[in-house]
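Read through the structure below, which is laid out as structure tokens, and then see the notes.
The values are calculated or read from the model by the stated rules, or taken from the named source; none is laboratory data. The structure displayed is predicted, hence computed values, not measured ones. Ideal geometry is used to build each Cβ from the backbone, glycine not excepted, and the neighbour counts take in all protein chains shown. With ligands, DNA and RNA removed, areas are computed over all heavy atoms of the protein, side chains included. Shrake-Rupley method; radii C 1.70, N 1.55, O 1.52, S 1.80 Å.
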Amino acid sequence: MDHVSLLLVDDEQAILHMLKTVLLKEKFLDIDTVTTGEAALEACNNKTYHCIVLDIMLPGKSGLEICPFLRQVTDAPILFLTAKTTDYDKLTGFAVGGDDYVVKPFNPLEVVARIKSLLNRYLPSKTVVLQQQQNIPSHVNTSSSDLTQGIYDFGRFQVFELAGELRVEGQAVTCPALVFQLLLFFCKHPNRIFTKSELYERVWGSEAISDDNTVMVHIHRIRERIEKDPSNPAFLVNVRGLGYKLIQPSNLSRT
């Protein structure tokens, strides 16, 4: 894990020390800590992080308030630390750009497990993108190269697996890591129904703790990006009593 950079954001030094100690034992060697949301934003402007652990209750701007600003400069998965346990608080965290959460008081090993789960979904696509940027000559026409593999065309939008990119009506649309991974999973299994539990296990991982709200919020975030009318979806639809499926137009096929 020496190639992974983590940012821990909490105003309690004891929590920062505890998390950093446990993470170091787990071979995470590049760990930065800050105590305010503003300092977190400055850190992300100066360095690329692979995962951010963000406390909600911070002095100055709260974690919920700073998260949208972080999303403007980083697509690293964000794990919220929160003392709030209501569904509304959790859904708010997802709505502003968070990917997962842990409720205080917590076992630091749970935080480590959730970081690893997030990284397992974030790092593979990033590694591929870096390899593309480093190894593909500028004169190569990637539209006719092997990179055409892993392109999923749904007419209104396209998902480029190797580039980790979503384009809607020809325009690139920002997509947080787990939102992209969930959309990519649907793209790989068009017209097939999945329950929320199946989606959570397949995308978040069997080691994660199943949470229906997490899936529902991420589906909403996908719809906000790919649908003309998210409240009346034409692509990512709910099949009442069964689950969700991504409908692929019959005149299009995966490349």
Tell me which residues come under 5 Å, amide H to amide H, from PHE80 once H is placed; ignore anything under 5 positions away on its chain. LEU54, ASP99, ASP100, TYR101, VAL102
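So which trypsin sites (Lys or Arg not before Pro) in region 1-92 are both in a DSSP loop and have at most 14 other Cβ atoms within 10 Å of their Cβ? Write down the numbers at each step before the final one.
Details: sites: LYS20, LYS25, LYS27, LYS47, LYS61, ARG71, LYS84, LYS90; in loops: LYS27, LYS47, LYS61, LYS84.
Here the trypsin sites (Lys or Arg not before Pro) that fit, given the DSSP loop and packing criteria, are LYS27, LYS47.
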At ASP30 and SER231, where each label point lies 7 Å from the Cα along Cα→Cβ, what is the point-to-point distance in nanometres? 4.5
Here the gain from full extension of GLN13 to VAL103, 0.36 nm per residue of separation minus their alpha-carbon distance, amounts to 30.6 nm
3J(HN,Hα) from dihedral phi, region 112-121, Karplus parametrisation 6.51/-1.76/1.60, rounded to Hz, x for glycine, proline: 4, 4, 6, 4, 4, 5, 5, 5, 4, 9
Please list 3J(HN,Hα) in residue order for region 157-171, calculated via the Karplus relation 6.51 cos²θ - 1.76 cosθ + 1.60 where θ = phi - 60°; whole Hz, with x for glycine and proline. 9, 10, 10, 10, 4, 5, 8, x, 10, 10, 10, 10, 6, x, 10
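Suppose all protein chains stay in the model; what accessible area per residue would a 1.4 Å probe give for region 150-246, in Å²?
Numbers: 4410 Å² over 97 residues.
Result: 45 Å² per residue.
Based on the Cβ-Cβ distance of MET216 and GLN72, what FRET efficiency does E = 1/(1 + (r/R0)^6) give at R0 = 22 Å, to the nearest 0.05?
0.35
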Starting from the Cα of GLU42, step 7 Å toward the Cβ, then list every residue of region 1-22 with an amide N under 18 Å from that point. 7-13
Which FRET efficiency value, to the nearest 0.05, do you get for ASN120 and LEU91 by plugging their Cβ-Cβ distance into 1/(1 + (r/R0)^6) with R0 = 22 Å? 0.35
